[in-house]
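This report refers to the structure that appears directly beneath it.
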Amino acid sequence: MENLDQNRLPKHIAIIMDGNGRWAQEQGQDRLFGHYHGVVSVRKVVEAAAEIGIQYLTLYAFSTENWDRPAEEVAGLMTLFVETIAKEVPDLNKNNIQLQFIGDLSQLPPEARTALDVSTAQTAANTGLKLIIALSYSSRWEIVNAAQILAKRVLDGQLAAEDINEPLFAEALSTKGIPDPELMIRTSGEHRISNFLLFQLAYAELYFTNTRWPDFRKPHLIEAILDYQSRERRFGKTSAQITSNEENK
Ligand code: FPP
């Protein structure tokens with residue numbers, strides 16, 4: 001941890017928590033066993049992110065496509081989300097962590113939605129780490145939804161089509177007000193973005209590790225941040241421009 005450059009921490013880290021099912025099956029257990037162990041990693045990584053000084057952490061917990069998994073796994077995951085989130089609220093409050101959910105929450109069972117609303121309200125006043133859970137989320141859904149919001153505003157005469165620009169579009173996304181992630185981590189060896197924050201990850205550094213999500217802990221997070229800090233972020237500029245900007249600071 002002491003090797004981290006405190007002046008170059010990513011403000012926002014996004015994580016695709018992958019590999020729960022494989023981790024469980026490798027041990028002859030069913031997939032839900034992996035998801036239950038995945039919760040331990042969530043707890044440890046949230047704690048570590050807050051300790052390191054990360055301001056926003058987005059976790060991809062359930063994609064729109066995940067609804068097509070076997071009904072038993074979907075039901076087990078919903079129960080796990082509701083139980084875990086309700087149970088974690090006191091600790092979130094103790095650690096000043098604010099919880100937020102993004103995704104097509106209208107697809108969730110009503111009792112799950114109520115539980116999410118309650119935990120969001122109970123942590124709303126916290127001013128520390130913002131923990132964003134993507135649930136029933138897919139980026140294409142979010143982008144199409146944003147297009148509909150803006151189209152309605154144009155139809156209602158509140159907005160001119162030619163005034164639609166990147167910041168305005170970003171405000172119609174579910175991540176409104178949240179800065180783009182600088183670092184995206186995906187566990188368990190897959191090198192894909194899988195419909196996650198496609199608009200917001202435009203300039204993110206991507207970090208892939210073979211570690212399965214249930215094995216992912218604070219040292220893995222630190223390793224990912226150190227890797228991020230070793231990269232030169234050019235945003236389309238040349239290396240020389242970036243170096244001279246740094247020198248003039
Ligand atoms: C991906 O592994 C993981 C999921 C689809 C679920 C993630 C859920 C948790 C970590 C549980 C707790 C989360 C919160 C926010 C309380 P996979 O099932 O795709 O694994 P596989 O690729 O090995 O099959």
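The values are calculated or read from the model by the stated rules, or taken from the named source; none is laboratory data. No experiment lies behind these values; they were computed from the predicted model shown. Quick reminder, even Gly has a Cβ in these numbers, built from the backbone with ideal geometry, and neighbours come from all protein chains shown. The accessibility values were calculated without ligands, DNA or RNA, using every heavy atom of the protein model including side chains. Shrake-Rupley method; radii C 1.70, N 1.55, O 1.52, S 1.80 Å.
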task: For segment 1-108, just say rounded, prolate or oblate: build the C-alpha gyration tensor, square-root its eigenvalues into a ≥ b ≥ c, call rounded for a/c under 1.5, and beyond that prolate if a/b exceeds b/c, oblate if not.
output: prolate
query: If you rank 141, 213 by how much accessible surface each has, with a 1.4 Å probe, what is the order from largest down?
result: 141, 213
- line: Which of 13, 97, 193 fluctuates most in a GNM of the chain (C-alpha springs under 10 Å)? That residue is 193
message: Treating only the Cβ of Lys, Arg, Asp and Glu as charged (+1, +1, -1, -1), what charge dipole size does segment 37-161 show about its Cα centre? Round to the nearest 20 debye.
response: 340
query: Lysine pairs in the chain 8 or more apart or on different chains: how many have alpha carbons under 25 angstrom apart?
result: 19
Accessible-area order (highest first, 1.4 angstrom probe) of the listed residues 142, 171: 171, 142
message: Over 5 Å intervals from 0, what percent of Cα-Cα pairs in segment 70-175 sits in each interval?
response: 2, 11, 18, 17, 15, 14, 11, 6, 4, 1
message: Over the chain, with a Gaussian network built from C-alpha contacts below 10 Å, which listed residue (215, 30, 68) shows the highest mean-square fluctuation?
response: 68
message: How big is the dipole moment of the chain about its Cα centre under a simple scheme where the beta carbon of each Lys and Arg is +1, that of each Asp and Glu is -1, and everything else is neutral? Debye, nearest 20, please.
response: 200
statement: segment 13-104 accessible area per residue, 1.4 Å probe, protein heavy atoms, integer Å², reads 45
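Can you pull the percent of Cα pairs in segment 125-249 with separation above 23 Å?
Within segment 125-249, distances greater than 23 Å cover 50 percent of Cα pairs.
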- prompt: Semi-axes, largest first, in whole Å: what does sqrt of 5 times each Cα gyration tensor eigenvalue give for the chain?
  reply: 28, 26, 18
task: Using only protein heavy atoms and a 1.4 Å probe, report how much of residue 63 is accessible, in Å² to the nearest 10.
output: 10
- prompt: What accessible surface, in Å², does a 1.4 Å probe find on residue 162, ignoring ligands, DNA and RNA and rounding to the nearest 10?
  reply: 150
task: Compute the accessible area per residue over segment 142-249, keeping the other protein chains in place, probe 1.4 Å, unit Å².
output: 58
message: Could you compute how much accessible surface residue 234 exposes when probed at 1.4 Å, giving the result in Å² to the nearest 10?
response: 110
message: What does DSSP give for the chain in terms of the percent of beta bridges that are antiparallel, rounded to the nearest 5?
response: 0
field: Percentage relative contact order, segment 1-104, counting C-alpha pairs under 8 Å, at least six apart
entry: 30
- line: The relative contact order of the chain, taking Cα pairs under 8 Å that sit 6 or more residues apart, comes to a percentage of 28
task: Given the options 139, 106, 188, state which has the largest fluctuation in a GNM of the chain using a 10 Å cut-off (strictly under) for Cα springs.
output: 106
task: Could you check how much of the accessible area of the chain is carbon and sulfur, as a whole percent, using a 1.4 Å probe?
output: 50
